[in-house]
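Reviewing the structure listed below.
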Amino acid sequence: MIKKKICMLGSFAVGKTSLVQRFVKSIFAEKYLTTVGVKIDKKTVEINDKTVDLMLWDLQGEDEFQKLNISYLRGASGYFLVVDCTRASTLSAALKLQDKVREVLGQVPFLLLLNKVDLLDQWELDLDELKDLEGKKWSMLKTSAKTGDGVEDAFRDLALRMLEG
Amino acid sequence: MCVHVEHCSMAYCFTDKRHRLKNCGGSLATYGLDQIKFGDSMQERLPFLEGVTVGPGETIILPIVALTTHVYADVHIVGSKTGIWLIFLDKTAQAKHYQALLQEANETTLVREQLTRATAELEDARNKIALLRAKIGNLREPHHNNNEL
């Protein structure tokens with residue numbers, strides 16, 4: 001059995017927990033409930049005829065007072081940088097976070113998730129900035145934990161990249 | 001509040017390098033570990049062990065880990081020559097207190113962000129109205145001048 005650890009990273013209230021809950025339990029809760037510390041979930045997926053146990057580390061969101069505890073990252077094979085597309089500040093926070101994580105984990109696969117795309121009318125992210133990131137070969141996917149759009153694809157995509165890596 | 005170790009419902013496990021249980025003790029039930037038996041795979045029971053390798057003398061501290069029993073624990077993983085020690089300290093009370101504070105702080109920040117956005121939109125709308133007023137004024141002015149003529 002192949003086991004892979006994935007960390008969910010990003011600012012607070014971007015939807016990290018909701019994405020995990022959608023992927024693992026196919027549920028979505030409207031009410032925002034902040035995560036403290038770390039909660040670990042597991043989901044088994046089939047990727048290219050291989051059974052893979054994904055260990056999902058849902059980490060407390062970053063803010064100006066609470067910084068990422070790097071001991072949580074240890075042993076991670078990949079990670080998601082989650083951004084709330086209705087809050088521009090969460091993208092710049094994700095970029096800073098990626099610098100820090102790269103120092104600890106090195107070049108492991110990651111995906112930038114532009115979450116809450118069901119709220120497209122409130123889109124606030126700078127498209128030029130996203131184009132720059134595409135130019136840097138960053139992979140990004142639009143997701144909605146609320147509707148489920150893109151969620152399964154995101155986890156499968158990262159799992160595939162981790163297996164290939 | 002848990003200040004001293006004896007108030008933290010401490011439990012410990014010792015596993016070999018393949019994470020098979022060799023020894024254990026303390027308040028195991030607090031962490032849902034009361035049914036474990038020697039030889040059990042601790043990796044199956046404790047998913048946070050996945051991918052974690054600890055060298056002899058090395059220590060990793062995972063703070064506030066939400067365990068399946070709705071208990072939050074600080075987990076100390078200490079490497080030795082023959083395996084690893086896992087030490088659990090109950091931090092449920094602190095975590096719940098912290099969560100309540102963080103929830104309020106985060107919600108306040110979100111409201112403040114919304115207010116900032118709404119203020120910017122209002123300011124934008126005001127500027128547009130001022131521009132329109134100026135244009136209307138300019139349109140009226142020649143007409144007014146014509147009347148004078």
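The values are calculated or read from the model by the stated rules, or taken from the named source; none is laboratory data. Keep in mind the model is a prediction, meaning the values are calculated, not measured. With ideal geometry, Cβ positions are generated from the backbone for all residues, glycine too; neighbour counts draw on all protein chains shown.
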For this session: Please indicate, with yes or no, whether at least one residue in segment B:64-84 is crowded, with 16+ Cβ neighbours inside 10 Å, of a type in the set (D, E, K, R) and under 26 Å from A:K42 (Cα atoms).
Result: yes
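To keep it simple, each residue is scored yes or no on (1) within 19 Å of B:K91 (Cβ to Cβ); (2) crowded, with 20+ Cβ neighbours inside 10 Å.
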position: A:S11; (1), (2): no, yes
position: A:S26; (1), (2): no, no
position: A:A29; (1), (2): no, no
position: A:G37; (1), (2): yes, yes
position: A:E62; (1), (2): no, yes
position: A:Q66; (1), (2): yes, no
position: A:A76; (1), (2): no, yes
Seminar exercise, completed: Of the residues in segment B:33-44, those that are modelled with pLDDT of 90 or more and either buried (at least 18 other Cβ atoms within 10 Å of the Cβ) or within 14 Å of chain A (Cβ to nearest Cβ) (or both) number 3
For this session: For B:V75, state whether it is closer than 16 Å to B:K17 by Cα, within 22 Å of the chain's Cα centre (by Cα) and of a type in the set (A, V, I, L, M).
Result: no
Exercise. Among the residues of segment A:134-147, is there at least one that is surrounded by 15 or more Cβ atoms within 10 Å (Cβ to Cβ), part of a helix (DSSP H, G or I) and either hydrophobic (A, V, I, L, M, F, W, C) or touching a Gly at 6+ places or on another chain (Cβ under 9 Å) (or both)?
Worked result: no
Exercise. What number goes with the only condition from (1) surrounded by fewer than 16 Cβ atoms within 10 Å (Cβ to Cβ); (2) under 18 Å from A:L68 (Cα atoms); (3) under 15 Å from the mean Cα position of the chain (by Cα) that A:D153 does not pass?
Worked result: (2)
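Name every residue in segment B:92-109 that is in contact with a Cys (Cβ under 8 Å, 6 or more places away or on another chain) and closer than 13 Å to A:Q60 by Cβ, in order of residue number.
Residues satisfying the conditions do not exist here.
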For this session: Working only within segment B:55-66, note down all residues that are within 9 Å of chain A (Cβ to nearest Cβ) and either closer than 16 Å to A:T35 by Cβ or touching a residue at least 24 places away in the same chain (Cβ under 8 Å) (or both).
Result: B:L62, B:P63, B:I64, B:V65, B:A66
Exercise. For segment B:67-115, what are the residues that are of a type in the set (V, I, T), facing chain A (nearest Cβ under 10 Å) and farther than 22 Å from B:G32 by Cα?
Worked result: B:T109
Problem set entry | strands (runs of 3 or more DSSP E) lying entirely in segment B:13-87 (those with 2 or more residues that are within 17 Å of A:N69 (Cα to Cα)) | B:59-66, B:72-79
Exercise. So which strands (runs of 3 or more DSSP E) are wholly in segment A:1-93 and hold at least 2 residues that are touching a Leu at 6+ places or on another chain (Cβ under 8 Å) and away from chain B (no Cβ under 13 Å)?
Worked result: A:2-10, A:38-47, A:78-84
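What residue, of A:V82, A:V104, is surrounded by 19 or more Cβ atoms within 10 Å (Cβ to Cβ) and either closer than 22 Å to A:V24 by Cα or modelled with pLDDT under 95 (or both)? I'd like the intermediate steps shown before the answer.
Values: A:V104 fails: surrounded by 19 or more Cβ atoms within 10 Å (Cβ to Cβ).
Answer to the check: A:V82.
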